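Quick note: the coordinates plus some simple rules give every number you see, no bench work behind them. Bear in mind that the values here come from a model prediction, so they are computed numbers and not experimental data. Counting neighbours? That spans all protein chains shown, and the Cβs are built from the backbone with ideal geometry, glycine included.
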Amino acid sequence: MLRTASRPLGGLVRPAQPSSIIFRNYAAGMGAYRKQARQQMLEAEKDMSNKQKVTRDQVRAHMSFLPGFFIPMPLANVPKAPKQFATYQYYRIKAKVLDYLAILSLRWQSKKTMFTKAAMGINRGKALAAGKALHARLGQAMASGDRGELRQIAMPRLYESLAATLDKRDRHTRATWEIITNHGARLVAHRCALLPKPFPDNMVVEQAVVAIDTTQKLERYDARTNELVPGSTKVQRRTEYVGIHRSWNKKTNESDAWSLLGNTKETTLEDWNDWLFYEQQQAQDNVNKKLKQAREGTL
């Protein structure tokens, strides 16, 4: 039977929390999620004293989605009220333009001369291809229980969640997974950011979200008899928003391999308003902190 869904097929990557959470350590709402992502970045700073720089490995261990990701909803799901529709499209276009300008700036800075090719190979096509490849590798690795492969393709936080899922699996059961039909994939978000101190010098983070629409099949077998478990065959069409990550050295223009961050969800108007409110609060807190420091300095 063909089913359409947005959750993992047959519990292949079953969430450890409610179904609205795709992977453990990711919040259900995008507003809360972005707050959590920012908090995780702050945790990376707190791990080090003010005199000691954060290493690249420590950044990788704490890294989540960059704050401020906008994952546009399909047009059919956007609010139909004229004001809400216009507001959502404004936010979508603004976020996309700002992301594009940030990438354009980094590529331009990597040029040796005005007329040479950008040395920093930040490319939408490469990000799309990487997302599709990592998605397929993840499905195969989860089905076979290949922890070595999972450790290689997943960021540390995601790997911990996936390993916990494998720990709960019946050891007398094995699974097979395959993509029956690829209905298409598209890059829905692409961002870059140069990390400030105390993060490593010249460290640029590149992240992308790829929407992948596939029909998948999952089957479970009794590992002792190698027979198909009755009723275990499941076929499902689903769209996943797969987040991927890699980092660049701005000085050498070299990057590491793409890794999986996890799955995310579409950004609603409410999500984005929550995020904007949170950003305003953070900006006001920073102003108040500087004013307090200025007053204390004059005493």
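Database remark: amide H of Thr173 closer than 5 angstrom to the amide H of Ala223 (H placed geometrically; neighbours at sequence offset of 5 or more, or on other chains; Pro and chain starts carry no H). Ranking of Leu75, Leu104, Leu66 by neighbouring Cβ atoms within 10 Å, starting from the fewest: Leu75, Leu104, Leu66.
Couplings for region 212-227, taken from phi via the Karplus curve 6.51 cos²θ - 1.76 cosθ + 1.60 with θ = phi - 60°, read 10, 10, 9, 9, 10, 10, 10, 10, 10, 10, 6, 5, 7, 10, 6, 9 Hz in order; Gly and Pro are left as x.
Here the calculated FRET efficiency for Ile93 and Arg224, from their Cβ-Cβ distance with R0 = 41 Å, stands at 0.10, rounded to the nearest 0.05. Rounded to whole numbers, the Karplus 3J(HN,Hα) couplings from phi for region 169-183 are 6, 5, 5, 8, 10, 10, 10, 10, 9, 8, 8, 7, 9, 8, 8 Hz, using 6.51 cos²θ - 1.76 cosθ + 1.60 with θ = phi - 60°, and x at Gly and Pro.
Given their separation in residues at 0.36 nm each and the Cα-Cα distance between them, Leu101 and Ala129 gain 7.9 nm when the chain is fully extended. Taking amide H positions as placed 1.01 Å from N in the peptide plane, with prolines and chain starts having none, which residues 5 or more places from Thr55, or on another chain, fall under 5 Å of its amide H? Under 5 Å from the amide H of Thr55: no residue qualifies. Taking the average, over residues, of other Cβ atoms within 10 Å as the packing measure, peptides 138-150, 284-296, 225-237, 116-128 rank 138-150, 116-128, 225-237, 284-296 from highest down.
Between Ser255 and Phe115, the contour length at 0.36 nm per residue exceeds the Cα-Cα span by 48.1 nm. Across region 132-137, computed HN-Hα scalar couplings (Karplus, 6.51 cos²θ - 1.76 cosθ + 1.60, θ = phi - 60°) run 5, 5, 5, 4, 5, 5 Hz from first to last residue, x flagging Gly and Pro. Here the label points at Asp170 and Asp213, each 7 Å from Cα along the C-beta direction, are separated by 3.5 nm in the simple model. For Met203, the residues whose amide H sits under 5 Å from its own are Leu195, Lys250, ignoring neighbours fewer than 5 places away on the same chain, with H placed 1.01 Å from N.
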